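The values are calculated or read from the model by the stated rules, or taken from the named source; none is laboratory data. The model shown is predicted, which means the values in this text are computed figures rather than measured ones. Note that each Cβ is placed from the backbone with ideal geometry, even for glycine, and that neighbours are counted across all protein chains shown.
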Amino acid sequence: MKPPVQPPTTPKPKRIIEAQGLMIDADGNIFLTAYPTTVTPDGFRQVPGSCYLP
């Protein structure tokens, strides 16, 4: 007696998620991320309007 023949199974496709953020590495490569990127300003200083910068 032969074992029952099972139909071939196809793997489920991976779910595609829309990019919500991005990251840039030291080499300038851009990576899209599934979650929003948390941005921390670094070195940003607000200059008062009364200051004169040549």
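Some points to look at:
- Meets criteria (at pLDDT 90 or above and within 24 Å of the chain's Cα centre (by Cα)) for Ile16: no
- Within segment 19-54, the set of residues being surrounded by 10 or more Cβ atoms within 10 Å (Cβ to Cβ) and at pLDDT below 85 comprises Thr37 only.
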